[in-house]
1. Identify the residue in segment A:214-250 that is among the β-branched types (Val, Ile, Thr) and touching a Pro at 6+ places or on another chain (Cβ under 9 Å) and, among all such residues, is nearest to A:Arg43 (Cα to Cα).
2. Taking only segment A:278-303 into account, find how many residues are out of contact with any Lys or Arg (no Cβ under 9 Å at 6 or more places or on another chain) and within 26 Å of A:Ser28 (Cβ to Cβ).
3. If you scan segment B:99-116, which residues turn out to be assigned to a loop (DSSP other than H, G, I, E, B) and facing chain A (nearest Cβ under 8 Å)?
4. Checking the conditions here, which among A:Asp421, A:Asp398 is at pLDDT 95 or above and either more than 14 Å from every other protein chain (Cβ to nearest Cβ) or open to solvent by 10 Å² or more (accessible area, probe 1.4 Å) (or both)?
5. If a residue has to be among the aliphatic types (A, V, I, L, M) and closer than 12 Å to A:Gly305 by Cβ to count, how many in segment A:7-31 make the cut?
6. Output the residue which, of all residues in segment A:213-235 that are among the aliphatic types (A, V, I, L, M) and buried (at least 22 other Cβ atoms within 10 Å of the Cβ), is farthest from A:Thr127 (Cα to Cα).
7. Is it the case that B:Ser51 is over 17 Å from B:Gly126 (Cα atoms), small (Gly, Ala, Ser) and at pLDDT below 95?
8. Going through segment A:39-63 one residue at a time, which ones are free of Cβ contacts under 8 Å to residues at least 12 places away in the same chain, facing chain B (nearest Cβ under 9 Å) and open to solvent by 20 Å² or more (accessible area, probe 1.4 Å)?
Amino acid sequence: MRYDYVIIGNSAGGIGCIEAIRELDEASSVAIIAAEKYHAYSRALIPYYLDGKIELDKIYYRPPDFYEKMDVDAYLGVKAVGIDVSSREVLLENGGRIGFGKLLIATGGRPFIPPIEGLSGQKNVFTFLKLDDAIGVKEAISGAGSAIVLGGGIIGLMVAEVLRRKSIEVTVVELADRVLAPVVDATTSNLVQEKFAENGVKIILQNTITKVVGEEEVEKVILKDGSELPTDLLILAVGVRPNTEVAKNTPIKVNRGIVVNKHMETSVEGIYACGDCAEIYDFVFGANRVLPLWPTAYVGGRVAGFNMCGRRREYTYATSMNAMHFFDLYIVSAGLNVPNDSDEFEILCTLDERRRIYRKFALKDGQIAGFILAGRVDRAGILLKLMREGVNVSEFKDRLLKEDFGYVDLPEEIRWELLGDKVKLGVVYEYEHGGHGRAACEGRCEGHEA
Amino acid sequence: MRRIVVKPEVCMNCHLCEVWCVVAHSKSKDIIKAFLYEERKPLPRLIVEESRPESFALQCKHCDEPDCIFACISGALYKDEEGRVLHDESKCVACYSCIMACPYGAIKINPLTGKILKCDLCVDLGFPPCVEKCPNNALEYVEVEIGAEES
C-alpha cells in the first residue's frame, strides 16, 4: 500500500496532523499507524480514569467515527519499526511495508525506567503511558493497601493523589530536593508538598529506590539510604524519553529527540516529526528542545499537516507550559522556570500564604520569560499571550501581580492591538472593526437605511 | 462567520450583558424566574473588564485557530460546522489547559462544578442576547472579515 500521507502515532500530534490535512485536502489518501490497538485516546486522561472521574468511554479523544469521517485508513495495533527513506516506506513489525508521499513521525515518548536491582517484570509494577497500564493499575488498586510512587513529577504526583483518594497509604520517592523541580520554582514546590502532606501522602526527597524484593510481586523496596519500605504496588513515574526508535538507522537527525525545523520537518525532506518524540524550537529558550506537552504536540502536528499539504506554516510560539492540579491546588506555569534568586532575570512575585495564592514572573529585557500562577489560575492565557507577543511589560509590570489581572490593566494601545488581532499560526490577519451591516443588526439599530 | 465585537467607547459598565447571558443559559429563559426561582442560576459566560472610567465586555472570540481546542486534553472543546468553539461539559475534566491557552482569558471557571464556562454564541437562540439587549450598542454581532489567506 502507498498513501499520500502517512502518520505514525495516534495521539495529539497525529490527530492534529490529520485534522489539518483534511482542512486543506479532502482527496488525498491518508493512513495512520499506531502500536496500540485503541482508537485515539488521551493519555493525559489516564489519571482521571483511574480516579473514576471519567469512564473508559470518555477517555477517547475523538468520536468513534473519527477515522471514517476523516477518510483515514487506521492501522491500529501495528507497530512501525523502521523507515526506508529511499523507497519512502514505513517498515512494520509484522513484515509489511506502507509507502508514503509525506510522513509524520509522532511516536510520542516511552517511560524511562531507572536501573533498579531485582526489577524483573513483577506484576504489581506499573508505568503510566499506555491505556493497558491504566487498566492494569485500576484492577490492582482495588486490593492494595499501600503504594510507592517513584518520581515526584506531574504524572507521579497525579497518580499519588488518585491512590491516596482511594485510601491507599502512598509514599512518593523523589531524587531531587523538591517535587516538580523541572517545572516550577521552590516556592511552588513547597505549596505542593504541603498539600500532599495535609492529605496524608508521604514524600521522601533526595532518595531513590536501589533494589526491589519479591519474585511474582514486589513486596518491598530498598532505598538509597538503606531504609526498607513494604508495598503492595510500585508505580514508576520517573519520566518520559522521546521514542525515536523508528528513526534508527536512517539519515533522520536525532539528538535527544528527532530534530525538526520550524516547519516541523526533519533533516530528511518530506518527513516531519512532532510531539514527545521530537525536539522543537522553543521561542523563550531560543533553541530546540524536547517539549513533551499535549498542546505543543497537537499544534506541532497541525503545523506539520499544513506543510505536508504544501501550505507553508511555521510553529513559532512553542514553549514549555503546564496546567496541573493536585487536590484543590491549581497551577499554571509557562516559559522558563527561573529561581527567585536569579541575577539574570528580574523577578516579580507575591505570595499570599494564608490563601496559598502565588504569582511569579521572570522578566528579561522587559519581556516575560516565564511565569507561575498557583492557587488561582484565572485568565492565565493572557500572560502566555504577552509572552508570545514579546510585549514589553515594564510600564505595567506591577499589575501583573494582581490576582484579577486582565486586559483592562494593559495600556490601551497594547490592549486593543492584542484583542483585535486574529493570529493564524504566525500569519496575522486583519479585519475591520467598523460599522455593522444591516443584516447583522436586523434593522434594530438606528441609522441604517432600508 | 459572525462574531461578537465590542465598542468600548460606548460601554456604560451596566453589566446587562451578564444579566442576559444568565437568562439565556437558564432553564426558563425568563429573567424573573431565572433570578428569583431557579435553584442553580447559571453564571455569566462573559467577562466585563472594568477600571473606571473604562469598561468593556469580553467573550470567546471563536478563533479560527483556537488554542483552547488545541490544548484540550479530553476533546471536550470542539469546533462545530459553523466555526463556533463549543464545550461538551460531559467530557471536561477541569484540567484548565484551556485557561492556560486562551489568549483572551475568555474562558471562565464555574465555581459550582469546577468545570469551565464559555460563550456558545447562544447557538439555540440564534442571536446572542448580550448583544441584543445591550442598551448602548456597545456589543455587535457582525460578519467578521478575515483576510484571504495566501496560498
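1. Filtering segment A:214-250 for residues among the β-branched types (Val, Ile, Thr) gives A:218, A:221-222, A:231, A:235, A:238, A:240, A:244, A:246, A:250.
Imposing the further condition that a residue be touching a Pro at 6+ places or on another chain (Cβ under 9 Å) reduces the set to A:221, A:238, A:240.
Values: A:Val221: 28, A:Val238: 16, A:Val240: 13 Å.
So, considering only residues that are among the β-branched types (Val, Ile, Thr) and touching a Pro at 6+ places or on another chain (Cβ under 9 Å), the one nearest to A:Arg43 (Cα to Cα) is A:Val240.
2. Qualifying residue count, segment A:278-303: 7.
3. Residues of segment B:99-116 assigned to a loop (DSSP other than H, G, I, E, B): B:102-107, B:110-115.
Correct list: B:Cys102, B:Pro103, B:Tyr104, B:Gly105, B:Ile107.
4. None of the others qualify; the one that does is A:Asp398.
5. Residues that pass the stated criteria total 7.
6. Taking segment A:213-235 as the starting set, the residues that turn out to be among the aliphatic types (A, V, I, L, M) are A:213, A:218, A:221-223, A:229, A:233-235.
Now restrict to residues that are buried (at least 22 other Cβ atoms within 10 Å of the Cβ): A:218, A:221, A:233-235.
On the way: A:Val218: 14, A:Val221: 16, A:Leu233: 11, A:Leu234: 9, A:Ile235: 6 Å.
Here the residue is A:Val221.
7. Answer is yes for this residue.
8. A:Lys53, A:Pro63
The values are calculated or read from the model by the stated rules, or taken from the named source; none is laboratory data. As the structure is a computational prediction, the values presented were derived from the model and not from experiment. FYI the Cβ positions are ideal-geometry reconstructions off the backbone, even for glycines, and counts take in every protein chain you see. With ligands, DNA and RNA removed, areas are computed over all heavy atoms of the protein, side chains included. Shrake-Rupley method; radii C 1.70, N 1.55, O 1.52, S 1.80 Å.
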